[in-house]
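The values are calculated or read from the model by the stated rules, or taken from the named source; none is laboratory data. Because the structure is predicted, anything quoted here is derived from the model rather than measured. All Cβ positions, even for glycine, are placed from backbone atoms using ideal geometry, and neighbour counts span all protein chains on display.
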Amino acid sequence: MTNPATVSAFRLDTYEVTVGRFRQFVTAGMGTQSSPPSTGAGARTLNGLANQGGWDPSFNANLVADTTTLVAAVNCNAITQSWTDTPGANEALPMNCITWFEAMAFCAWDGGFLPTEAEWNYAAAGGTDQRAYPWSNPASDLTIDCSHANYDNGMVNCVTPANGAVDRVGGDSPTGDGKWGQADLAGNVYEWMLDWYASPYGNPCTDCAALTPTTHRSVRGGHFRDIASTLRGGFRSPGTPDARDTGVGVRCGRMPITS
């Protein structure tokens, strides 16, 4: 391991946020300047300090004005967007076309938080297994095909072969699941991380997160048009925080359940 990391107990959602889940958020009027998250929502102990990584009121300006504007904004690509203005066949598809700010606002509203790169990578690597892909067993196994992930396999895209498209969440389960059952950690859509995209990555780190602003936020996991090498658990990519992309969605993290 070239960048050893330690993370405290946390939970990572089994699935990427679906259109159906995001629709509840939109219907509730959330994720806009009219109804932003509360200050500090989603904060926790990071980098050895309490109450880090939560919602900053300065983020409010990066949300759209109201629900009508949000609905218009997530209609970002008529061909490969997953959102539909009325419920239909897409409810189990991963939500795409969302900004980092909307992703963070959703997870805070849903009782969770955006995972750090270290947390996400822990799940994708199977912890100390250090898996090449989330499903790799043994860890060094580089086997990948369309039964594992939704991606470009070098000949065609796994879904909608000519152009590629998102697949329902869990569409490659259980073959493509990670060690603890998370689906689509590789392929389908990239997932927004809490971290700013920093280089080099923290080494070593304990509950670390890159919270000093740079130009981009990190996204992890690859998407439906990516090739196999970019689906590797250790692959990192930058994302423009206010950009909308049909290849980027989100999966929320949560605090552990205590009795």
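Restricting attention to region 57-68, the residues that are more than 18 Å from ALA243 (Cβ to Cβ) and either outside any loop (DSSP other than H, G, I, E, B) or under 20 Å from the mean Cα position of the chain (by Cα) (or both) add up to 5.
Per-residue answers, yes or no, for (1) within 30 Å of THR45 (Cβ to Cβ); (2) assigned to a loop (DSSP other than H, G, I, E, B); (3) under 18 Å from the mean Cα position of the chain (by Cα):
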{"residue": "LEU70", "(1), (2), (3)": "no, no, no"}
{"residue": "GLN81", "(1), (2), (3)": "no, yes, yes"}
{"residue": "ALA92", "(1), (2), (3)": "no, yes, yes"}
{"residue": "ILE98", "(1), (2), (3)": "yes, yes, yes"}
{"residue": "PHE106", "(1), (2), (3)": "yes, no, yes"}
{"residue": "ALA123", "(1), (2), (3)": "yes, no, yes"}
{"residue": "ALA132", "(1), (2), (3)": "no, yes, no"}
{"residue": "GLY154", "(1), (2), (3)": "no, yes, no"}
{"residue": "THR160", "(1), (2), (3)": "no, yes, no"}
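Being closer than 20 Å to MET193 by Cα and without any contact (Cβ under 8 Å) to a residue 24 or more places away in the chain holds for only one residue in GLY112, GLY88, GLY53, GLY40, and it is GLY40.
Please state which one of TRP83, TRP135 is in contact with a His (Cβ under 7 Å, 6 or more places away or on another chain) and hydrophobic (A, V, I, L, M, F, W, C).
TRP135
Okay, residues lined up against (1) modelled with pLDDT of 95 or more; (2) of a type outside the set (Lys, Arg); (3) more than 16 Å from the chain's Cα centre (by Cα):
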{"position": "GLY164", "(1), (2), (3)": "no, yes, yes"}
{"position": "ASP172", "(1), (2), (3)": "yes, yes, yes"}
{"position": "ASN188", "(1), (2), (3)": "yes, yes, no"}
{"position": "PHE224", "(1), (2), (3)": "yes, yes, no"}
{"position": "GLY233", "(1), (2), (3)": "no, yes, no"}
{"position": "ALA243", "(1), (2), (3)": "yes, yes, no"}
{"position": "CYS252", "(1), (2), (3)": "yes, yes, no"}
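Taking residues in region 13-29 that are closer than 11 Å to VAL250 by Cβ and of a type in the set (Val, Ile, Thr), and partners anywhere that are modelled with pLDDT of 95 or more and surrounded by 16 or more Cβ atoms within 10 Å (Cβ to Cβ), the pairs with Cβ atoms closer than 6 Å and at least 6 places apart or on different chains are VAL17/MET95; VAL17/VAL250; THR18/ALA92; THR18/VAL169.
Does GLY48 meet the test of being modelled with pLDDT under 95 and either farther than 18 Å from PRO241 by Cβ or out of contact with any helix residue (DSSP H, G or I) (no Cβ under 7 Å at 6 or more places or on another chain) (or both)?
Judged against the criteria, GLY48 is a match.
Of everything listed in (1) surrounded by 14 or more Cβ atoms within 10 Å (Cβ to Cβ); (2) within 29 Å of GLY234 (Cβ to Cβ); (3) of a type outside the set (A, V, I, L, M), the single unmet condition for GLY40 is (2).
Scan region 83-91 and give yes if some residue there is surrounded by 23 or more Cβ atoms within 10 Å (Cβ to Cβ) and aliphatic (A, V, I, L, M), otherwise no. The answer is no; no qualifying residue exists. Looking at region 140-152, can you tell me whether even one residue there is under 22 Å from ARG244 (Cα atoms), in contact with a His (Cβ under 8 Å, 6 or more places away or on another chain) and of a type in the set (Phe, Trp, Tyr)? Checking region 140-152: at least one residue is under 22 Å from ARG244 (Cα atoms), in contact with a His (Cβ under 8 Å, 6 or more places away or on another chain) and of a type in the set (Phe, Trp, Tyr). One residue alone among CYS97, CYS107, CYS76 is in contact (Cβ under 8 Å) with a residue 12 or more places away in the chain, hydrophobic (A, V, I, L, M, F, W, C) and on the phi > 0 side of the Ramachandran plot, and that residue is CYS97.
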